[in-house]
Amino acid sequence: MRHGDRIDNFEPLWVSTAARPWDPPLIQDGRVRAFCAGRKIRTQLGFPIHRAFVSPFLRCIQTAAEVVSALCAVDDDPNATNSDGVSIDPSKLKVSIEYGLCEMLNREAIRIPPKDGEWGFNLSELESMLPEGTLDHTVERVYKELPQWEETVLGARNRYAQIIKELADKHPSENLLLVTHAEGVGVAVSAFLEGITVYEVDYCTFAQLRRSISSQEPSLAAGEFEVLNPGQTGIRYMPSSSIADGAI
């Protein structure tokens with residue numbers, strides 16, 4: 001899932017006074033969109049989410065907080081538009097921060113990086129923003145630290161494809177929600193659906209992947225990922241050959 005609506009895309013002057021211009025928060029509409037997306041996942045997918053992994057960027061943490069609250073809601077008021085006042089059952093799913101889901105660390109994605117190279121993510125503060133009782137401290141991160149600055153676009157895409165597979169391999173018996181960035185959602189489609197290129201992903205849009213698992217001893221055997229409903233609203237793509245032919 002992509003995060004919700006980020007403030008710098010609606011208030012262009014925000015970056016001129018922001019202490020952390022590379023890490024914009026959500027606007028209120030972004031919170032609402034994220035909560036509604038969580039409710040949609042809970043009511044329409046037909047299966048539960050057991051575990052969520054989240055990029056450390058603030059917009060993703062705030063998105064996850066809303067989505068997880070909607071997924072864990074107890075007697076959810078249909079008129080509720082965000083997590084304020086929503087009672088949850090934190091036993092329904094667990095959440096962890098995963099560096100491998102972070103934004104592409106290059107100037108394609110981040111216009112104003114920190115001058116000293118320090119991104120300043122305070123994990124304790126970020127974890128405190130997640131719904132109480134949902135945090136899982138026992139999970140070991142796939143990426144122990146952030147990727148190096150100025151990774152290539154291809155390098156970032158390979159990272160997203162890798163993290164999807166590795167998280168699925170680590171938790172083969174659970175349904176996972178990965179809260180990340182537009183490029184990560186695009187890769188979730190293009191890496192597993194041959195011959196297409198994703199060129200746009202809307203806020204809080206999610207791609208669905210499924211694979212078969214065989215529990216034959218001594219180890220689990222996993223099939224290839226299948227992209228479900230690749231043409232769903234919010235993810236726009238075209239054949240890769242069209243790009244080569246100069247269609248866009």
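Residues checked against (1) modelled with pLDDT under 70; (2) hydroxyl-bearing (Ser, Thr, Tyr); (3) closer than 27 Å to residue 47 by Cα; (4) surrounded by 12 or more Cβ atoms within 10 Å (Cβ to Cβ):
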position: 203; (1), (2), (3), (4): no, yes, yes, yes
position: 208; (1), (2), (3), (4): no, no, yes, yes
position: 212; (1), (2), (3), (4): no, yes, yes, no
position: 215; (1), (2), (3), (4): no, yes, yes, no
position: 221; (1), (2), (3), (4): no, no, yes, no
position: 230; (1), (2), (3), (4): yes, no, yes, yes
position: 234; (1), (2), (3), (4): no, no, yes, yes
position: 243; (1), (2), (3), (4): yes, no, no, yes
position: 247; (1), (2), (3), (4): yes, no, no, no
Notebook entry, point to check: Is there any pair with a first residue in the range 173-196 that is surrounded by 21 or more Cβ atoms within 10 Å (Cβ to Cβ) and assigned to a strand (DSSP E or B) and a second that is polar (S, T, N, Q) and at pLDDT 95 or above whose Cβ atoms are under 7 Å apart and which are 6 or more apart or on different chains, and what are they?
Noted result: 179/55; 179/63; 180/55
Next item on the list: Would you please list the contacts, defined by Cβ atoms under 6 Å and residues six or more apart or on different chains, that run from a residue in the range 57-84 that is closer than 13 Å to residue 39 by Cα and open to solvent by 20 Å² or more (accessible area, probe 1.4 Å) to a residue that is in a loop (DSSP other than H, G, I, E, B) and of a type in the set (D, E, K, R)?
Entry: 74/89
Next item on the list: Would you point out the residue of the range 41-62, among those that are part of a helix (DSSP H, G or I) and closer than 15 Å to residue 179 by Cα, that is modelled with the lowest pLDDT?
Entry: 41
Checklist line | Considering residues of the range 29-38 that are over 15 Å from the mean Cα position of the chain (by Cα) and either under 19 Å from residue 209 (Cα atoms) or touching a residue at least 40 places away in the same chain (Cβ under 8 Å) (or both) only, the residue most open to solvent (accessible area, probe 1.4 Å) | finding: 36
Notebook entry, point to check: Say we look at the range 87-104 and pick out the residues that are under 16 Å from residue 70 (Cβ atoms) and β-branched (Val, Ile, Thr); which of these is least open to solvent (accessible area, probe 1.4 Å)?
Noted result: 95
Notebook entry, point to check: Just one of 139, 153 is under 24 Å from residue 48 (Cβ atoms) and hydrophobic (A, V, I, L, M, F, W, C); which is it?
Noted result: 139
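The values are calculated or read from the model by the stated rules, or taken from the named source; none is laboratory data. Computed from a predicted structure; not experimentally measured. Neighbour counts are summed over all protein chains in view; Cβ atoms, including those assigned to glycine, are modelled from backbone coordinates with ideal geometry. Remember, those area values only see protein heavy atoms, side chains included, never the ligands or the DNA or RNA. Shrake-Rupley method; radii C 1.70, N 1.55, O 1.52, S 1.80 Å.
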